[in-house]
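Throughout, read-outs are computed from the coordinates displayed, never taken from laboratory work. Keep in mind that what you see is a predicted model, and the values were worked out from it rather than measured. Heads up, the Cβs are rebuilt from the backbone with ideal geometry, glycines too, and the neighbour counts pull from every protein chain shown.
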C-alpha cells in the first residue's frame with residue numbers, strides 16, 4: 001500500500017463510525033458555506049472609525065501612516081517621506097496601473113520597474129486591502145506588485161485606498177473569493193503588520209530582521 | 001534519521017540545567033517577558049476566550065473528518081499546480097525531500113523555521129546527501145552554528161545570552177574584520193542579516209513549515225516576524241512545504257479564527273508581522289515566486305493518536321504558551337527534555353511519537369499546577385494527558401521497583417479507610433511533636449528526594465479527617 005493510502009486508511013479506521021455520508025456532508029457544507037466564526041468588534045464601525053482603528057493599530061506595530069486626499073498626492077507624499085528619513089529619491093515598483101499612471105518625475109522621484117533582485121533601497125507596492133482590526137495591509141503577488149518588493153528593499157512603502165479598507169480578515173477573504181473565484185488564490189497573499197522584526201537575542205525586540213526595516217503606509221482618501 | 005533523544009536522562013539533564021549559570025540567566029527572559037505579554041494581549045481583546053473555544057471546535061471538527069479534509073486539500077494543491085507527498089515516517093519524509101532537491105540539481109537549501117523538520121532530522125539528511133542546509137530564522141541560525149537543537153518551539157535560542165552569540169559569530173564569520181563591534185543585539189542582528197541575505201539569493205530550494213494547510217484553497221500559511229520564511233520561499237526555484245497532518249483547517253475563515261489566538265498566546269502580538277498564504281507555484285505572468293511547489297505531509301505516529309486517549313494533543317497549534325507558563329520549563333529550560341518538543345506539550349507529545357519507554361520521564365516532570373491547561377489556546381487538558389502516560393508507564397512496569405512498591409503501598413492504604421485512619425492517627429501526633437520547635441522538617445526518612453529541595457511543614461495536630469468530623473462535615 002502507498003504511504004498515502006496507508007495513512008488515510010489508518011485515520012479512517014480510527015474514525016469509522018459507520019456513517020460516512022454524514023461526515024462527507026458536513027465537510028462539503030463547511031467548504032461550501034465557509035462559515036464566519038467570531039469576528040472581533042474592534043475592526044467594525046463606520047468608515048471613519050475603521051480608518052481611525054487602522055491607523056492606531058498600524059502605528060502600534062511600528063508602521064508609519066500618512067493620509068492623502070487623492071491619488072495625485074501620492075508621489076509628493078512618498079518624496080516627503082523619503083526625505084524625512086534621509087533616503088535617496090529612488091524606488092522600485094511593479095506594473096500596477098494605479099501606480100504607473102502617477103507623475104513621479106514631478107516629485108523628483110526616480111522610479112524603476114520590475115521585481116527586486118536585492119539591490120533596491122526603497123520599494124513601492126499597491127495594497128489589495130487593508131484590515132482595520134490589526135492595522136494590516138494585504139498584498140497580492142503578480143507583475144503588478146511583485147512579492148520580492150515586499151521583502152528585499154530596506155524600506156517598503158505601501159499605497160492603500162481607503163475604499164479597500166475592511167474591518168477584519170474575513171472581509172478580506174470575501175473580497176479575494178469575489179475577485180479570484182471560490183477556492184482560487186494568487187500564488188502569494190501577504191498579510192503584513194508592521195516592519196520585519198526579531199526578538200531571538202535575549203528577547204530584545206529589534207526591527208529589520210530579514211525584511212524591511214521600515215513600513216510606511218500611504219492611505220488615500222479618494 | 002529522526003533526531004536522537006536524551007529524554008531517558010531527564011533527571012541528569014535537569015540537574016545539570018539547574019547549575020548552569022548562563023542558562024539560568026537566559027531563562028529569566030522567559031519568566032519575565034512571555035507571561036506578561038500574553039496576558040496583556042488577551043486583555044486587549046474581549047473576544048479572546050470565545051475565540052479559544054472557536055479554535056478548539058475547529059480543531060475537533062478537523063480531527064473528526066481528517067481523512068476527508070486531507071483528500072480535499074490534496075486535490076486542491078494538485079489543481080493549483082503543486083504536488084503532495086505523504087510520508088509515514090521521519091525517514092520517508094527526509095527521503096522524499098532529498099529526492100526533490102536532487103531532482104532539481106540543488107546545491108544549497110534555505111530553511112524557514114519548522115519544528116517538524118527538527119522532528120524528522122531534516123538538516124542531517126540534506127547534508128548527508130551532499131547539499132548545504134541553511135537555517136534562516138535568526139534563532140535557528142544561531143543554534144545551527146552551535147550544533148544545537150531548539151530549546152523552545154517559538155524562540156529556539158532562548159537559552160542563550162548575547163555574549164554566547166558574539167562568540168559563535170566570531171568563530172564562524174572569520175571573513176569579517178576582527179575588531180568589529182558585536183556587543184549589542186543590534187550589531188549581531190545586522191551581521192546575520194547580511195550573511196543570510198546572500199544565502200537567500202543563492203539558494204536553489206527553499207523549505208518552510210506550515211502553521212495551516214487550507215483545504216478550501218490548497219494553500220499553506222506561515223506566520224513569522226522576521227520575513228525569512230518569505231525570502232526562503234519566493235527566491236529559489238522550488239518551494240517545499242513540510243508539515244504534519246494535523247495542520248489542516250477547512251477554510252480561510254477557520255484559519256483566521258486560530259490566527260487570532262496563535263500570536264497572542266505565543267508572543268503577545270495581535271498578529272505576527274507576516275502571515276503568508278502560499279498556493280501552488282508562480283502563475284503565468286508572475287515575475288517572481290517559485291516555479292515548483294511541493295508539500296510533504298508527515299504522519300510519523302500522528303494517525304495512530306486519532307481515536308486514542310491522546311487525540312486531543314493533535315489540536316496543538318505550537319504557540320508555546322504552555323512552556324512559557326510552566327514552572328518546570330522555567331527552572332530547567334528546553335534542552336533538559338531531551339527531544340524536539342519541550343515543556344508540557346512535549347511531555348505529552350514525546351512519548352506519543354518516540355514511545356513511552358524512551359519518553360516516559362517527561363510526563364513525570366510536572367507539578368500538575370495546571371497553568372499550561374489554563375493558557376492553552378485550544379484547551380488541551382495537558383495534566384490529564386500526562387496522567388494517562390503515568391498510568392501507562394505504571395501498567396507497563398517502566399518505573400523503578402522502589403517507586404512501584406511505594407505507589408502500591410500507598411494505593412492499599414488509601415483504599416482501606418481503617419488502615420488509613422489508624423496510620424495517620426499514629427503518625428500525625430508524633431510528627432507534630434518532633435517538629436514542634438521549627439515547625440518544619442529539613443530531613444525525613446524515606447522522603448530524602450522530597451526534602452532535598454524543600455522543607456516539609458510539620459503537622460499542627462489533628463488529621464484532616466478528624467477536623468472534618470469535628471465540624472460535622474461542613475466546610476466552615
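Each stretch of four or more DSSP H residues adds -39500 (n - 2.57); spread over every residue of chain A, this sum gives -9500 deg cm²/dmol at 222 nm. Kirkwood-type hydrodynamic radius, region B:311-440: 16.8 Å, calculated from all non-identical alpha-carbon pairs.
Exposure proxy check: B:409, B:68 ranked by fewest other beta carbons within 10 Å?
On the way: B:409 10, B:68 24.
In increasing order of surrounding Cβ atoms, one gets B:409, B:68.
When only alpha carbons are used to place a centre, region A:186-202 and region B:152-189 end up 22 Å from one another. Which residues in region B:147-175 place their backbone N less than 12 Å from a point set 7 Å from the Cα of residue B:127 along the Cα-to-Cβ direction? Zone members listed by number: B:147-149. Remark: relative contact order (region B:134-260) = 22 percent; criterion is Cα-Cα distance under 8 angstrom and separation of 6 or more residues. Out of all DSSP beta bridges in chain B, what portion is antiparallel? Express it as a percent rounded to 5. Around 30 percent of the beta bridges assigned by DSSP in chain B are antiparallel ones.
Defining a contact as two alpha carbons under 8 Å apart and six or more residues distant in sequence, what relative contact order in percent does region B:402-470 show? Don't skip to the answer; put the middle values down first.
Numbers: 44 pairs, mean separation 20.2, N = 69.
Over region B:402-470, the number comes to 29 percent.
If packing is taken as the average number of other Cβ atoms within 10 Å across a peptide's residues, how do B:297-304, B:154-161 rank, most packed first?
Numbers: B:297-304: 22.0, B:154-161: 24.0.
Descending mean neighbour count gives B:154-161, B:297-304.
Helix B:401-415 and the longest principal axis of the C-alpha atoms of chain B enclose an angle of approximately 60°. Shape index of region B:402-470: Rg/Rh, with Rg the Cα radius of gyration and Rh the Kirkwood radius from the inverse mean 1/r over Cα pairs, equals 1.00. For chain A, find the longest principal axis of its Cα atoms and tell me its angle to the long axis of helix A:169-180, 0 to 90°, nearest 10. Between the helix axis and the principal axis of chain A, the angle is about 90 degrees. Only Cα pairs under 8 Å and 6+ residues apart enter the sum, and on that basis the relative contact order of chain A stands at 24 percent. Label separation (residue B:164 vs residue A:204): 1.6 nm, computed from points 7 Å beyond Cα along the C-beta direction.
For the residues of B:372-381, the average number of beta carbons from a partner chain within 10 Å of their own beta carbon is 0.
With 0.36 nm allotted per residue and the present C-alpha distance subtracted, the residue B:387-residue B:146 stretch has 83.2 nm of extension available. Where is the GNM fluctuation largest for chain A (alpha-carbon springs, 10 angstrom cutoff): A:161, A:33, A:145? Most flexible of the set in this elastic network: A:33. Once you treat every alpha carbon in region A:82-222 as an equal point and sum by Debye, what is log10 I(q)/I(0) at q = 0.09, 0.12, 0.19 Å⁻¹? Debye curve over Cα of region A:82-222, log10 I(q)/I(0) at q = 0.09, 0.12, 0.19 Å⁻¹: -0.28, -0.50, -1.19. Between residue A:103 and residue B:455, the modelled label-to-label distance comes to 8.4 nm, taking each label 7 Å out from Cα in the direction of the beta carbon. Each 10 Å bin from 0 upward holds the following percent of the Cα-Cα pairs of region A:1-60: 17, 23, 20, 14, 20, 6. Against the empirical 2.2 N^0.38 Å (N residues), the protein assembly as shown has a Cα radius of gyration ratio of 1.04.
Percent of Cα-Cα pairs more than 37 Å apart in chain B, please. Here the tail beyond 37 Å accounts for 34 percent of pairs.
Among B:127, B:373, B:395, what is the fewest-to-most ranking by other Cβ atoms within 10 Å?
Values: B:127 12, B:373 18, B:395 9.
The most exposed by this proxy come first: B:395, B:127, B:373.
Distance between the 7 Å Cα→Cβ label points at residue A:222 and residue B:309: 6.0 nm. Based on alpha-carbon centroids, what's the gap between region A:64-125 and region B:72-113 in Å, whole number please? Between the Cα centres of region A:64-125 and region B:72-113 lies a distance of 38 Å. Applying 1/(1 + (r/R0)^6) with r as the Cβ-Cβ distance of residue B:467 and residue B:408 and R0 = 30 angstrom yields a FRET efficiency of 0.60.
Among DSSP beta bridges whose residues both lie in region A:80-222, state the antiparallel percentage, nearest 5. Write down the numbers at each step before the final one.
Details: 9 of 29 bridges.
Beta bridges within region A:80-222, antiparallel portion: roughly 30 percent.
Taking the square roots of five times each eigenvalue of the Cα gyration tensor of region A:177-222, the equivalent ellipsoid has semi-axes of 30, 17, 8 Å, listed largest first.
Secondary-structure-derived ellipticity at 222 nm for chain B, considering helices only, amounts to -14500 deg cm²/dmol, per-run term -39500 (n - 2.57) for DSSP H runs with n ≥ 4. Here the alpha carbons of region B:39-137 define both size measures, Rg and Dmax, at 18.5, 52 Å.
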